[in-house]
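Visitor: Let me give you the structure first, and then I'll get to my questions.
The values are calculated or read from the model by the stated rules, or taken from the named source; none is laboratory data. Note that the structure is a prediction, hence the values are computed from the model and not measured. Using ideal geometry, Cβ is built from the backbone for each residue, glycine included, and neighbour counts are taken over all protein chains shown.
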Amino acid sequence: MNALMDEIRDFQREISEKVPSDVRALMAQCTAELEASGLAARAMKAGDKIPDFTLPNQTGKSRRLYDLLANGPVVLSIYRGGWCPYCNMEMRALGNIIPQLNALGATLIGMSPELPDKAIQTTLSNGAEIEVLTDIGCKVCQQLGLVFELAEQLRPIYAQFGIDIPAYNGDNSYKLPIPATFVIGTDGTVHYAFVESDYTQRMEPQAVLEQLKAIVS
């Protein structure tokens, strides 16, 4: 069952008629260059121990990862920002499985460089009751090996689409994380890592549940 990726493919077919071919080609080229950089291969992977960190959630409350792990496994979903339609589709899909996650004793946490007020907008607009941690400057994502800078030739294109990344993130660095989903055991070990340089690719929520079941069984 690939409900999320089916939705993404439908979206791609829809926008392919609206985005000029030269823009699509440039975006594809930049994605290919990011993939060729080997960033995803160097990122946190299964078997690694995730570093502890403390970040504010969207309401300003400090949350420590290992405090959350004391209560059960954690699914950490790292997304680019609420300006990204693929991130929004993923957010909605993950929000739909929260009851199943909770039934397995797990906690779902989102993480993004977007400012807390933007994270609130993202969760509300997607009807997803997900706690989101704000990683200003991508400092934690850097520790996880996920950070890149948006290609300069893409920045004016994003601006034409009405996407103001500095306004979302509160800085002018254009640092972003590649999308990632980590299923983390109570001892901090990453049991499963989905890390993808191609931002259109996301882990299916059903696969998240299957990986969690393998931990708790």
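Visitor: Is there a residue being buried (at least 18 other Cβ atoms within 10 Å of the Cβ) and more than 26 Å from Asp117 (Cα to Cα) anywhere in segment 177-184?
Guide: Step one: filter segment 177-184 for residues buried (at least 18 other Cβ atoms within 10 Å of the Cβ), giving 177-184.
Next, only the ones that are more than 26 Å from Asp117 (Cα to Cα) stay: 183-184.
Scanning segment 177-184 turns up at least one residue that is buried (at least 18 other Cβ atoms within 10 Å of the Cβ) and more than 26 Å from Asp117 (Cα to Cα).
Visitor: Something else now. Quick one: is Leu65 in contact with a Phe, Trp or Tyr (Cβ under 6 Å, 6 or more places away or on another chain) and closer than 27 Å to Asp187 by Cα? Walk me through how you get there before you give the answer.
Guide: On the way: in contact with a Phe, Trp or Tyr (Cβ under 6 Å, 6 or more places away or on another chain): yes; closer than 27 Å to Asp187 by Cα: yes.
In short, yes.
Visitor: Residues that are of a type in the set (Gly, Ala, Ser) and closer than 30 Å to Tyr174 by Cα, at least 1 per element: which helices (runs of 4 or more DSSP H) completely within segment 59-105 meet that?
Guide: Numbers: elements: 65-69, 85-95, 98-103.
Passing ranges, in order: 85-95.
Visitor: Being over 23 Å from Leu4 (Cβ atoms), surrounded by 13 or more Cβ atoms within 10 Å (Cβ to Cβ), of a type in the set (Gly, Ala, Ser) and out of contact with any Cys (no Cβ under 8 Å at 6 or more places or on another chain), is that true of even one residue in segment 133-140?
Guide: Yes - at least one qualifying residue is present in segment 133-140.
Visitor: Return the pair list, or none, for Cβ contacts closer than 7 Å from residues in segment 109-136 that are within 15 Å of Ala167 (Cα to Cα) to residues that are among the aromatic types (Phe, Trp, Tyr) and outside any helix (DSSP H, G or I), at least 6 apart or on different chains.
Guide: Cβ pairs passing all conditions: Ser112/Tyr79.
Visitor: Working carefully through the options Tyr174, Tyr199, Tyr168, find the one that is on the phi > 0 side of the Ramachandran plot, hydroxyl-bearing (Ser, Thr, Tyr) and in contact (Cβ under 8 Å) with a residue 12 or more places away in the chain.
Guide: On the way: Tyr199 fails: on the phi > 0 side of the Ramachandran plot; Tyr168 fails: on the phi > 0 side of the Ramachandran plot.
When all the criteria are applied, what remains is Tyr174.
Visitor: Answer yes or no: is there a residue in segment 85-92 that is farther than 18 Å from Glu204 by Cβ and in contact (Cβ under 8 Å) with a residue 60 or more places away in the chain.
Guide: Within segment 85-92, the subset farther than 18 Å from Glu204 by Cβ is none.
Checking segment 85-92: not a single residue is farther than 18 Å from Glu204 by Cβ and in contact (Cβ under 8 Å) with a residue 60 or more places away in the chain.
Visitor: Any residue that is out of contact with any Ser or Thr (no Cβ under 8 Å at 6 or more places or on another chain), surrounded by 13 or more Cβ atoms within 10 Å (Cβ to Cβ), charged (D, E, K, R) and under 15 Å from Ala128 (Cα atoms) - is there at least one of those in segment 87-94?
Guide: Taking segment 87-94 as the starting set, the residues that turn out to be out of contact with any Ser or Thr (no Cβ under 8 Å at 6 or more places or on another chain) are 89, 92-93.
From what's left, surrounded by 13 or more Cβ atoms within 10 Å (Cβ to Cβ): 89, 92-93.
Next, from what is left, pick out any that are charged (D, E, K, R): 92.
Going one step further and asking which of them are under 15 Å from Ala128 (Cα atoms), we end up with 92.
Yes, segment 87-94 contains at least one residue that is out of contact with any Ser or Thr (no Cβ under 8 Å at 6 or more places or on another chain), surrounded by 13 or more Cβ atoms within 10 Å (Cβ to Cβ), charged (D, E, K, R) and under 15 Å from Ala128 (Cα atoms).
Visitor: Given the criterion surrounded by fewer than 16 Cβ atoms within 10 Å (Cβ to Cβ) and closer than 27 Å to Asp48 by Cβ, identify the matching residue among Gln143, Gln160. Let's see the steps before the verdict.
Guide: On the way: Gln160 fails: closer than 27 Å to Asp48 by Cβ.
On inspection, the qualifying residue turns out to be Gln143.
Visitor: Oh, and also: Can you tell me which condition Glu33 does not meet? The list is (1) surrounded by 11 or more Cβ atoms within 10 Å (Cβ to Cβ); (2) modelled with pLDDT under 95; (3) within 23 Å of Ile157 (Cα to Cα), and all the others hold.
Guide: With (1) surrounded by 11 or more Cβ atoms within 10 Å (Cβ to Cβ); (2) modelled with pLDDT under 95; (3) within 23 Å of Ile157 (Cα to Cα) applied to Glu33, the lone miss is (2).
Visitor: Ok, one more. Given the structure, is Met27 surrounded by 11 or more Cβ atoms within 10 Å (Cβ to Cβ), in a loop (DSSP other than H, G, I, E, B) and on the phi < 0 side of the Ramachandran plot?
Guide: Working: surrounded by 11 or more Cβ atoms within 10 Å (Cβ to Cβ): yes; in a loop (DSSP other than H, G, I, E, B): no; on the phi < 0 side of the Ramachandran plot: yes.
No, not satisfied.
Visitor: Out of all the residues in segment 40-49, is one or more surrounded by 13 or more Cβ atoms within 10 Å (Cβ to Cβ), in a loop (DSSP other than H, G, I, E, B) and over 16 Å from the mean Cα position of the chain (by Cα)?
Guide: Step one: filter segment 40-49 for residues surrounded by 13 or more Cβ atoms within 10 Å (Cβ to Cβ), giving 40, 43-46, 48.
Next, only the ones that are in a loop (DSSP other than H, G, I, E, B) stay: 43-46, 48.
Checking the rest, the ones that are also over 16 Å from the mean Cα position of the chain (by Cα) come to 46, 48.
Within segment 40-49, one or more residues are surrounded by 13 or more Cβ atoms within 10 Å (Cβ to Cβ), in a loop (DSSP other than H, G, I, E, B) and over 16 Å from the mean Cα position of the chain (by Cα).
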